[in-house]
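Structure first, then comments.
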Amino acid sequence: MNDFDLEAHLRWAREAKASDLQSIERLLAAAAAFKIARSIEWRFGRSGLKVKKTMAGFDWDFQPKLDRRAVEALFDLSFVGCHDDVLLTGKTGTGKSHILQSLVLKACEHELAVRYARCVDLVDDLYAGLADGTYEKRMKAWCRVQLLVIDDVGLGQLKRRDDEPTAAHMLFTLLDRRHMTASTAITSNLQLSAWGKYLGDATLAGAVLDRLAATAIRIDIDGPSYRQHLARQRADAQSRTHETPRREVVS
Ligand SMILES: Nc1ncnc2c1ncn2[C@@H]1O[C@H](COP(=O)(O)OP(=O)(O)OP(=O)(O)O)[C@@H](O)[C@H]1O
Ligand SMILES: [Mg+2]
């Protein structure tokens, strides 16, 4: 129930000639469901993710090499209790963000404190903290949550700035502070060997990956791009609608 409508409940009780006990039971159940739904919305609102995704529409058959059991096991969120991390890698369009975005909603349903950010946006947020003197406060806020999802490491340019700390330092500090005390789930379309170049610091990238290697559940998606699949479907549909019916040649 998304709306708590007392009037509707009283109307139901009158029309159904419900006993006091039935009426109170139904009212309490509705109030509890309303409270839970509101709490999920509140958590989701604070997560930083704008659009809700679920695994309901995920086409498993499209990615036959994906370890479905390993992905589904993430959704009981027991890894968060163990402070394990998740590293989800694979080529572009293979569903990495879809999976971790669905996990954000599930974490809200489990009443966990969760935050989501694309890697470039997280780094931008911390740079903004350097500019206005709130760096440490922001870093603490990113460290505080039980589950932090850092999406799309490798996509978008990390700013190269002279300010200290650099983007690589920031990510290292964040991962180091969270290491073994809270869970971080990351998606990346980069080969691990390319992280140094992307972060602009091979030593710090190595240190980040070393921590992840110790605690991360690794899932790689070796398969085709679902975006390409959708594009092909669209192109096929368009060519069907633009196809002119062939004229019969009458001799
Ligand atoms: N197996 C799937 N079933 C249904 N939808 C999918 C599947 N895989 C991906 N999608 C959809 O395809 C689009 C691209 O997927 P997604 O953004 O998760 O890819 P990605 O692996 O994160 O790619 P990138 O590395 O470019 O960020 C999204 O709209 C997503 O919902
Ligand atoms: Mg992605």
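Values in this text are rule-based calculations from the coordinates and carry no lab data. Quick caveat, the model's predicted, so the values are computed rather than measured. We place every Cβ from the backbone using ideal geometry, glycine too, and count neighbours over all the protein chains shown.
Computed quantities for the displayed model
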| read-out | value |
| --- | --- |
| Alpha-carbon centroid distance for the pair segment 140-205 / segment 209-240, whole angstrom | 21 Å |
| Trypsin sites (Lys or Arg not before Pro) within segment 64-93: DSSP coil, no more than 16 neighbouring Cβ in 10 Å | K65, K91 |
| Cα point-scatterer Debye curve for the chain, base-10 log of I(q)/I(0) at q = 0.08, 0.09, 0.15 Å⁻¹ | -0.45, -0.54, -1.06 |
| Highest to lowest packing among 83-89, 123-129, scored as the average C-beta count within 10 Å | 83-89, 123-129 |
| Karplus-derived HN-Hα couplings along segment 106-123 (A = 6.51, B = -1.76, C = 1.60, θ = phi - 60°), whole Hz, x at Gly and Pro | 4, 5, 5, 5, 8, 6, 9, 7, 9, 10, 10, 7, 6, 3, 4, 6, 5, 5 |
| Helical contribution to [θ] at 222 nm, DSSP H n ≥ 4, -39,500 (n - 2.57), averaged over the chain, rounded to 500 | -17000 deg cm²/dmol |
| Within the chain, longest stretch clear of exposed GluC sites (Glu not before Pro) (DSSP loop, no more than 15 other Cβ within 10 Å) | 112-242 |
| Above-threshold pairs, the threshold being 28 Å between Cα atoms, out of K65/K159; K52/K91; K53/K197; K35/K137; K91/K140; K17/K52 | K65/K159; K53/K197; K35/K137; K91/K140; K17/K52 |
| Whole-number percent relative contact order across the chain, with pairs defined as alpha carbons under 8 Å at least 6 apart | 26 percent |
| Cut-off under 5 Å, modelled amide H: who pairs with I217 long-range | D85, V86, L87 |
| Residues with amide H under 5 Å from that of L190, placed H, sequence gap 5 or more | G90 |
| Residue of L212, L27, L105 that the Gaussian network model of the chain assigns the largest fluctuation, springs spanning Cα pairs under 10 Å | L27 |
| Surrounding net charge for S23, when Lys and Arg each add one and Asp and Glu each subtract one, Cβ distance under 12 Å | +1 |
| For S183, residues with placed amide H under 5 Å, excluding near neighbours | L148 |
